[in-house]
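To keep things clear, I will list the structure first and then write my remarks on it.
The values are calculated or read from the model by the stated rules, or taken from the named source; none is laboratory data. Note that the structure is predicted; figures quoted are calculated from it, not measured. Here the Cβ positions follow ideal geometry from the backbone for every residue, glycine too, while neighbour counts run over all protein chains shown. Heads up: the accessible areas ignore ligands, DNA and RNA and are worked out on the full protein's heavy atoms, side chains in. Shrake-Rupley method; radii C 1.70, N 1.55, O 1.52, S 1.80 Å.
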Amino acid sequence: MTEFSPHFMHLEREPEIYAAWEAAGLFCADAASTREPFVISMPPPNATGTLHLGHAVMLAIEDLMIRWKRMAGAEALWVPGTDHAAIATESAVIKLLQKGGRKDPRRELGREGLLAEIVKYVESSRVRIRQQIRSMGASCDWTRERYTMDAPLHRCVNEVFAAMFRDGVIYRGERVINWDVALQTTVSDDETYHEERDAFLYTIRYGPFNVATSRPETKLGDTALAVHPDDDRYRQYVGQAIDVAWPKGPVIHVRVVADRSVEMDFGTGVLGVTPAHSMTDARIAQQHGLPAIQVIGEDGRMTAAAGPYAGMRLEACRDAFVHDLEEAGLLVSKVQYKQNTAYCQRSHKPVENLLKEQWFIDVNRRAVRWKGQTLSLREVMDDAVRSGDIRIHPEYQEKTYFNWIDNLHDWCISRQIWWGHRVPVWYRGSDTWVGHGRPEGDGWAQDPDTLDTWFSSGLWTWSTLVDPRLTENPALTLDEILRGSSDYRAFHPTSVMETGYDILFFWVARMILMTTYVTGTVPFRSVYLHGLVLDKDGEKMAKTKPATCIDPLDEIERIGADALRFALVAGTSAGSDTRVNTDKIKGAARFVNKLWNASKLVAMSGEATAFDVHKAQHPVNRWMLSRGEEIVRSTTAAFDRYAFGEAGDDLRTSFWTQFCDFYLEAAKEPSMAALQETMATRRCVLETYLRLLHPFMPFVTEEVWQRLGNEGWLMQASWPTAAVEPQESVTAGVEAVIRLITALRNYRSTEKVPWKAALELRLHVKEHLDIFADCRGIVAHLGNLRWAEADIEGHVLSDAAYDAVVRDTTPHSE
């Protein structure tokens, strides 16, 4: 047994303990093991990022699961990794280069030069990310670390793209997409958010109609006017063609069509249809065979099709066009209103709808073999959750998932940036080649676009398990690579995907889509969604609000990873946002200190004995052992239903109040302290708490375990099991004793009787006489009292188990 220091020295010991674990190979899983696997694929943080509280929550919860299952006998594998984060990384490096003096890094460096700069930046950044993950105590298998741009994963990306292309699931087509003018790339619907902004609703004279619009500049590209088929005001015009000459040009040719998507009550009930700049209008155009005219370019300026307004910025064109309409008497009204505007989540700039040729995944084409049927990706994604193959926690998020599936459009997977997996398509004249690696022969040019980050991330659970050596053999098919990879055979499907509910659609749904297509199985059995981290005011924590923003790395240095982890998990529940503030973290730090001091007290109380605690006779020892078994049952049951926050709260309450406040104090009573069974019980119960708390607070529990002289590592110790049925009569009796002691303490508090003043107590026991008799010494010790042999007058204490009279015998007590 090693002597305890005054407090747990986290700055010194946490890195040392982690290094010792890692050096001993304790995080490594064995693909040849016969034990039941438990597998988590770590959501890969951006390779250019730094650890924030969202990552810290993820790491704390996932490490809790892994450590629990490892102790419970599973072959636990936690695969770590990082994501290349295409748009975010390229943008970050370009900004750094611009700060370094380059005005236009893309033009000055070219594609290969810029990519070389990004690779250098990412490699240095990944070193930092690894260390930050280690600082949280994450027991992930670093021998299996992966990166979404690793060569084996790149092979998987290309093979999946080629297979989907052959099956007609991936296609290239011209469609209206979301275009970010600032980033100069497409973004998916899920990468946008909507906010209301102040705008104007203009009503303009449009041939024989009045048309309301918030974007008058797009009317330069209208090819139709749409009305509701039940709108009697306009039924006579349906099918007519109208030429509209704008004041300074151009002249547009529109056809009046009837479409049920038109809202009769909005504006005038007439919709100007601009197929090149609205997804809704594009659908109307496709249904009615209308042409599309693009009047807004990728640079955010008007095109030549806009006539005299060509080259203008959108806002300038709008002002000029409205001015010209007003001059010509064609502006009927201009009123303020709130416009719901789409913004890119990366640039926070408004996105434009543009007609562009892009690569898409068809979610409705029935080309996927699933459970003996040929289904569409949308149908497979629906069945995977609806059938129970995948369970989502909390369950109410399943409704959100199904709602997203019901409104799912074809996925635009191409991006106009340079960093990322380049589209594996090559062109030579009229020839096209799709697949991994450069085709043979000269004259081939690769498609310049890259794939959406979520395409490669969607393969994460299984691409990280392929044998890298097999991916080097171009003769092998993807199916042969999978079947030949021992990790894939042993550890897929994974057990749990733990991540934030805010990326349920971005990532979780896409993993289901991609994995079911490739492997014919689900990527994971369960999904655990944690909530957002909020500040003390209930707002999302952000670096832009430094007064309430908490940096996890600062907290780890200040109070240690254990306290931070416990603060982030205790009191939380799946899917619920969590308020985190310094007070909550300080409370967790006090709990770590309480555990250390209680363990020090147990260590100072004597060496462990060989006494069989199941033979304990004293009711307080039997009560504590029963309470220990009860907390084992409740913690395991809570873990089984993913109620980690509840388990943390219950463990803290049980350890602090039952073990520390009552039992350890009761065990100091001389007659009880002298019992060999007390020393054994004290040690046994403490070690049970250490095992239960280890998934929450791995460092301090491991340190205590070692200082108590135990053989082996705590993280390899077995998860405790409850072997004895609850002892209800003993429990009820001892808790009656505890109530009496509490009543005595309350009496001292309310009557302001100092502790040094001994109380006199006359007790009449109504229940549990034998237990009260065994605990007389404990009651006297913890209550600082003497027993009255005759009736006395004083304060009456009454309970179902006893009646008592207590009085202060000190004449001048304060």
| field | In the range 22-45, residue nearest to Ser486 (Cα to Cα) [restricted to those that are free of Cβ contacts under 8 Å to residues at least 12 places away in the same chain and not in a helix (DSSP H, G or I)] | value | Thr34
| request: Residue by residue through the range 220-241, note down the ones that are assigned to a strand (DSSP E or B) and surrounded by fewer than 20 Cβ atoms within 10 Å (Cβ to Cβ). | output: Ala241
| Subset of the range 367-412 (residues that are among the hydrophobic types (A, V, I, L, M, F, W, C) and part of a helix (DSSP H, G or I)) | Leu377, Val380, Met381, Ala384, Val385, Phe402, Trp404, Ile405
| task | Say whether the condition of being part of a loop (DSSP other than H, G, I, E, B) and modelled with pLDDT of 95 or more is met by at least one residue in the range 8-21. | result | yes
| Exactly one of (1) closer than 21 Å to Phe662 by Cβ; (2) in contact (Cβ under 8 Å) with a residue 40 or more places away in the chain; (3) surrounded by 14 or more Cβ atoms within 10 Å (Cβ to Cβ) is unmet by Arg776. Its number? | (2)
| message | Here's a check for you: in the range 762-814, which residue that is among the aromatic types (Phe, Trp, Tyr) and in a strand (DSSP E or B) is nearest to Ile741 (Cα to Cα)? | response | Tyr802
| query | Got at least one residue in the range 240-253 being within 20 Å of Val176 (Cβ to Cβ) and under 44 Å from the mean Cα position of the chain (by Cα)? | reply | no
| query | Right, Ala637: free of Cβ contacts under 8 Å to residues at least 12 places away in the same chain, assigned to a helix (DSSP H, G or I) and either farther than 21 Å from Ile133 by Cβ or open to solvent by 40 Å² or more (accessible area, probe 1.4 Å) (or both) or not? | reply | yes
| query | Identify, please: which residue in the range 136-159 is among the aliphatic types (A, V, I, L, M) and within 26 Å of the chain's Cα centre (by Cα) and is, among those, farthest from His10 (Cα to Cα)? | reply | Val157
| Given (1) surrounded by 13 or more Cβ atoms within 10 Å (Cβ to Cβ); (2) without any contact (Cβ under 8 Å) to a residue 24 or more places away in the chain; (3) of a type in the set (S, T, N, Q), where does Ser347 come up short, assuming only one miss? | (2)
| Any idea which residue in the range 196-232 is modelled with the highest pLDDT, counting only those that are of a type in the set (Asp, Glu) and touching a strand residue (DSSP E or B) at 6+ places or on another chain (Cβ under 6 Å)? | Asp222
| note | The correct count of residues that are assigned to a helix (DSSP H, G or I) and out of contact with any helix residue (DSSP H, G or I) (no Cβ under 6 Å at 6 or more places or on another chain) in the range 463-486 is 5
| said: When the residues of the range 503-520 are narrowed to those that are β-branched (Val, Ile, Thr) and closer than 12 Å to Pro43 by Cα, which ends up least open to solvent (accessible area, probe 1.4 Å)? | reply: Val508
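Here is a yes/no grid of residues against (1) farther than 30 Å from Thr2 by Cβ; (2) assigned to a helix (DSSP H, G or I); (3) out of contact with any Lys or Arg (no Cβ under 8 Å at 6 or more places or on another chain):
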{"position": "Thr681", "(1), (2), (3)": "no, yes, yes"}
{"position": "Cys684", "(1), (2), (3)": "no, yes, yes"}
{"position": "Asn710", "(1), (2), (3)": "no, no, yes"}
{"position": "Met715", "(1), (2), (3)": "no, yes, no"}
{"position": "Trp719", "(1), (2), (3)": "no, no, no"}
{"position": "Gly733", "(1), (2), (3)": "yes, yes, yes"}
{"position": "Arg745", "(1), (2), (3)": "yes, yes, yes"}
{"position": "Thr750", "(1), (2), (3)": "yes, yes, yes"}
{"position": "Glu760", "(1), (2), (3)": "yes, no, no"}
| note | Among the residues of the range 298-332, the number that are of a type in the set (D, E, K, R) and either assigned to a strand (DSSP E or B) or more than 47 Å from the chain's Cα centre (by Cα) (or both) is 5
| request: Scan (1) outside any strand (DSSP E or B); (2) closer than 21 Å to Arg233 by Cα; (3) without any contact (Cβ under 8 Å) to a residue 60 or more places away in the chain; (4) open to solvent by 20 Å² or more (accessible area, probe 1.4 Å) for the single condition Arg255 breaks and write down its number. | output: (1)
